[in-house]
1. Under 10 Å, Cα contacts only: if you run a Gaussian network model on chain B, which one of B:380, B:245, B:299 comes out with the highest mean-square fluctuation?
2. For residue B:169, which inter-copy label distances result when the label point lies 7 Å beyond Cα on the Cα-to-Cβ vector, reported in nm to one decimal and in ascending order?
3. Roughly what percent of Cα-Cα pairs across the protein assembly as shown reach past 37 Å?
4. If you average the alpha carbon positions of the stretch B:72-105 and of the stretch A:258-306, how far apart do those two centres end up, in angstrom?
5. Would you mind giving the mean number of other chain beta-carbons within 10 Å of the Cβ of each residue in A:359-365, as a whole number?
6. Using only Cα atoms, find the angle between the long axis of helix B:306-315 and the longest principal axis of chain B, and express it within 0 to 90 degrees, rounded to the nearest 10.
7. Treat the count of other C-beta atoms within 10 Å as a stand-in for reagent exposure and order B:177, A:7, A:15 from fewest to most.
8. Under the convention of a label 7 Å out along Cα→Cβ, give the distances in nm from residue A:17 to the same position in every other copy, shortest first.
């Protein structure tokens with residue numbers, strides 16, 4: 001059976017060249033970078049090289065502005081808690097959007113329990129954050145605004161430059177969760193005046209268990225994990241040497257290949273979206289029709305459940321999902337889709353395909369060949385399907 | 001030049017068999033364990049296998065009691081903050097010792113700022129925690145006691161069973177930092193009535209960037225990293241799949257080989273200690289003479305600085321350290337050595353060798369051949385050295 005992996009938002013293979021670069025750091029170069037001896041020095045240099053490569057991916061001119069973490073969830077936790085708790089003397093208001101990742105939303109809920117006021121900005125039907133609402137909500141008490149660069153679930157790219165201008169006009173700090181965007185579309189933290197930016201290693205084909213947080217020089221922030229004072233005191237714990245080296249290499253590779261690869265993916269994406277909407281009746285695109293991540297296909301089918309679709313496709317070797325990995329275990333529909341105005345049953349009938357490097361046109365053809373039949377079969381079984389539709393297909 | 005790595009407390013190579021087990025999870029089996037499709041199921045199973053192996057290493061009968069983290073520093077942060085903040089309604093007193101790792105001590109300092117009272121128990125000249133003092137300090141307000149199983153810097157093994165009995169008699173919870181002990185000496189969380197226990201993957205020859213926290217069923221604790229609710233809501237973030245698989249394999253291997261290997265290392269350790277004390281005048285052993293970790297050699301030499309010794313040995317291919325990686329960057333002497341009653345200059349003149357799997361008798365002979373000459377050369381240059389000593393050597 002053909003195996004077609006279309007769940008790159010949830011997990012990606014590590015690039016072979018990245019793994020190659022990491023390997024010596026497992027078994028041969030295992031010094032602790034805090035140590036003054038030769039193995040320690042070698043480890044320290046390897047980490048600094050990786051730091052420079054990650055900085056370059058997002059246009060940071062000072063590599064010291066990159067802090068390595070254990071992943072994007074920790075980066076988001078550090079950015080939000082670290083800035084909120086450190087800047088409490090300046091205000092207690094935080095603004096975010098209703099379509100952020102759970103590691104932003106759940107941290108905001110926690111901060112609300114600790115006395116912070118949190119505003120969740122609405123989005124339009126395409127998932128674009130309401131910039132006019134942001135302008136209205138910004139007050140002198142606002143210390144931090146956290147908006148994602150692009151949403152990994154519906155693919156919509158947010159107007160970060162506009163947001164950034166408003167935020168800085170009001171003297172607040174801007175945190176951007178760039179996990180879904182980095183490596184797919186160009187990011188320039190300096191030109192876009194971003195104060196903090198979260199990155200995941202695996203989302204750029206690096207290893208899991210590593211991430212980074214860009215922190216603009218001068219940003220007031222405190223650590224959430226304390227100990228030996230690694231990463232300039234902002235993230236204690238012995239550095240994940242092979243992981244960091246891997247993330248650095250992945251950043252270097254994707255910086256060089258992003259333009260070509262994103263163009264290739266966007267073509268596959270458009271073929272897939274067009275193919276699905278044309279071949280499956282009563283099917284719709286979720287997210288922005290044009291301003292979207294090159295690898296993102298999120299579609300919904302009336303009268304059936306995404307879960308059944310996923311399992312049916314899985315039996316044919318196709319791996320895809322109904323939304324974020326972080327909410328897929330619960331039976332709740334995606335908070336992102338609900339925020340765009342979909343009803344519960346519409347959100348439940350959605351399917352997310354995220355393309356990646358190893359996907360090709362045959363993969364897309366394979367799915368396009370399967371999907372209409374599967375949707376029809378499930379609709380025939382569903383008591384919700386109108387009779388005329390089943391007759392029609 | 002011969003390369004002799006004797007800094008295993010700071011960093012270890014990954015076991016070749018462990019790396020072998022991890023490799024498929026980088027490039028072939030990269031599903032997200034939260035997902036319901038086949039790659040997701042495979043990932044979930046791999047994580048549960050690893051969880052069972054880690055549980056077995058420390059005698060936990062329920063694998064669900066193991067939570068994977070990004071490393072021992074995070075485990076210690078989660079154990080202390082998670083328990084303290086969750087049990088605030090029961091009391092605000094925490095007891096720890098003066099020789100804990102910085103990820104315990106600095107977290108305690110942070111909790112003190114948040115209104116907790118922290119007692120730091122003294123240790124005797126060998127680094128053994130004062131159990132009588134513990135008994136005196138325990139009150140009905142004490143919610144948590146955190147004592148390490150063994151100290152990685154001076155090798156001293158703590159009387160955990162005695163401590164455990166006292167702590168539970170007073171209705172408090174016991175957290176044990178077992179990073180230095182695990183895989184070197186047997187641990188049984190159930191027989192020893194331990195409520196929480198921190199582990200590091202790299203310290204058992206697994207990959208860096210992974211750790212675990214044993215949390216006994218029923219222990220009241222809250223997360224410090226929030227998001228998608230992975231690890232039963234106690235540690236959000238996409239699981240570090242290859243890392244967790246690697247830690248599991250490392251736990252399995254070390255469970256099987258610990259007894260033989262620890263006996264072998266203890267012999268090398270004793271040869272090295274005896275050799276140094278016999279061949280270098282005015283040299284002393286730090287830590288407990290008998291009740292110590294099998295891989296730990298910590299010695300001090302009057303009149304000279306550990307830093308110069310490390311650099312001199314490094315030039316001969318020997319990697320060792322002056323103490324914990326987490327404090328070695330600062331010029332402060334080791335807080336552990338100071339707690340055992342050493343003066344600043346005595347602590348500064350200390351050298352830590354930590355043996356590991358690839359070390360053999362020739363390595364020990366090599367160091368024993370070098371050390372007396374290096375110490376003598378440095379003493380000749382030191383203004384502190386008494387004339388008669390230099391004449392003597």
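1. In the Gaussian network model the winner is B:380.
2. 6.9
3. Result: 44 percent of Cα pairs exceed 37 Å.
4. For the stretch B:72-105 versus the stretch A:258-306, the Cα centre distance is 48 Å.
5. Across A:359-365, the average partner-chain Cβ count within 10 Å equals 0.
6. So the inclination is approximately 90 degrees.
7. Taking fewest neighbouring Cβ atoms as first place, the list is A:15, A:7, B:177.
8. Inter-copy label distances (nm, one decimal, shortest first): 3.5.
Since every read-out is calculated from the coordinates, none of them should be taken as a lab result. Just so we're clear, the structure is a prediction, and the values are computed from it rather than from any experiment. Methodologically, a virtual Cβ is constructed for each residue, glycine included, from the backbone with ideal geometry; neighbour enumeration extends over all protein chains shown.
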